[in-house]
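Working notes, structure below.
Nothing in this text is a laboratory measurement; each read-out follows from the coordinates by a stated rule. Because the structure is a prediction, the values reported are computed rather than measured.
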Amino acid sequence: MNSREYKLKRESAHKLYLKSETDVAALSRIYDVTEKTIRTWIKKGKWDTEYDEISGLEDEIRIAVKKALIKALKEYARAPQDTALQSLVSMLRHYSKSIEPTRDFIEYMKKFLDWLVDFYLTRNEETTARAIQKEILGEQGIVEYFRKRANSG
């Protein structure tokens, strides 16, 4: 096997591993490599750490979305003509109907929260960004992560 094939197998196995779609033995069979090779990839690539981070973020997002839905519905009740709120409520309701969020939805929510925080920070409305964080996500929620990311970028 050439190095390009090997790299492609490793990258593909990495993606499946992070999605929890298979275990070491199955990855070994799928990619026609030894279980030892898969365990080496996991260890050297720190896939377990990455998996734990993703799982933690997904849990935090699930909680945040539920809180966001409650907050958005309250705001929507006060201003039903606000199209941004209409869209947010619609999206959150759709999410609430599914048992488990899809990765696409999680990515969309991360992008939405990133945009929302950036929007208020660019308008020098840090108080509003903090209020979102406190009311929807808690004091040290994902909004703080996006704020730090925005300041570092």
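Could you tell me which of rounded, prolate or oblate describes the stretch 3-45, using a ≥ b ≥ c as the square roots of the eigenvalues of the alpha-carbon gyration tensor, with rounded for a/c under 1.5 and, failing that, prolate when a/b is larger than b/c and oblate otherwise?
It is rounded, given that a/c, with a ≥ b ≥ c, falls under 1.5.
Of the listed pairs Lys19/Lys43; Lys46/Lys67; Lys7/Lys46; Lys9/Lys44; Lys15/Lys67, which have alpha-carbon separations greater than 22 Å here?
With Cα atoms farther than 22 Å apart: Lys46/Lys67; Lys15/Lys67.
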